[in-house]
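S.K.: Mind looking over this structure? Questions follow.
The values are calculated or read from the model by the stated rules, or taken from the named source; none is laboratory data. Here the structure is a predicted model, which means the values were calculated and not measured. Don't worry about glycine lacking a Cβ; one is built from the backbone with ideal geometry, like all the others, and counts go over all protein chains shown. Protein only, heavy atoms only, side chains kept; ligands, DNA and RNA dropped before computing areas. Shrake-Rupley method; radii C 1.70, N 1.55, O 1.52, S 1.80 Å.
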Amino acid sequence: MMYDQSRAQQPPDKQPGSAGRRAPGPEPLLAADERADITQRLHHALNTFAHSPLEALEEAETAFDEAAARLMSALTERRHDLHAGWHGQDPKTQGEELRHALRQYSEITQRLLRM
């Protein structure tokens, strides 16, 4: 196991397992309100299918299209931010920042492949 200098330098209240720490795992690509909006529209489509199937299908298709567009926008923004963070860095002096960027690319790509 490797020594994590940044973790070792954190104050005691920031150590793993302390209250207020964010749950482990990747950050969601879409904000909670965006996810809730799309989920609500999809549930509405599912609940109205029996009474108006074509309208329900159109609403579900619109929710799908909106989710895909928002995900694509979030991925494009994430890629831009990642690229800006490492592009032009000197690998000899910025090794840790470059390693962090590589881990972020790897994590987001693996998440996409699991979809």
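S.K.: Tell me the residue from Asp37, Asp33 that is open to solvent by 60 Å² or more (accessible area, probe 1.4 Å) and without any contact (Cβ under 8 Å) to a residue 60 or more places away in the chain, please.
M.R.: Checking each option against the conditions leaves just Asp33.
S.K.: State all residues of segment 97-109 that are out of contact with any helix residue (DSSP H, G or I) (no Cβ under 9 Å at 6 or more places or on another chain) and free of Cβ contacts under 8 Å to residues at least 60 places away in the same chain; if no residue qualifies, say none.
M.R.: If the condition is that a residue be out of contact with any helix residue (DSSP H, G or I) (no Cβ under 9 Å at 6 or more places or on another chain) and free of Cβ contacts under 8 Å to residues at least 60 places away in the same chain, then Arg99, Arg103, Ser106, Thr109 are the ones that fit.
S.K.: Just to be sure, is Glu59 surrounded by 14 or more Cβ atoms within 10 Å (Cβ to Cβ), in a helix (DSSP H, G or I) and in contact with a His (Cβ under 7 Å, 6 or more places away or on another chain)?
M.R.: Taking the combined requirement at face value, the residue satisfies it.
S.K.: What do you reckon, is Arg78 of a type outside the set (A, V, I, L, M) and closer than 23 Å to Leu42 by Cβ?
M.R.: no
S.K.: I'm checking my understanding of the structure. Among residues of segment 83-115 that are in contact with an Asp or Glu (Cβ under 8 Å, 6 or more places away or on another chain) and in a helix (DSSP H, G or I), which one is nearest to Pro28 (Cα to Cα)?
M.R.: Top of the filtered list is Gly85.
S.K.: Looking at segment 72-98 only, could you name the residues that are among the basic types (Lys, Arg) and surrounded by 12 or more Cβ atoms within 10 Å (Cβ to Cβ)?
M.R.: Arg78, Arg79
S.K.: Now for a different question. Identify the single condition in (1) modelled with pLDDT of 90 or more; (2) assigned to a helix (DSSP H, G or I) that His51 does not satisfy, given that it satisfies every other one.
M.R.: (2)
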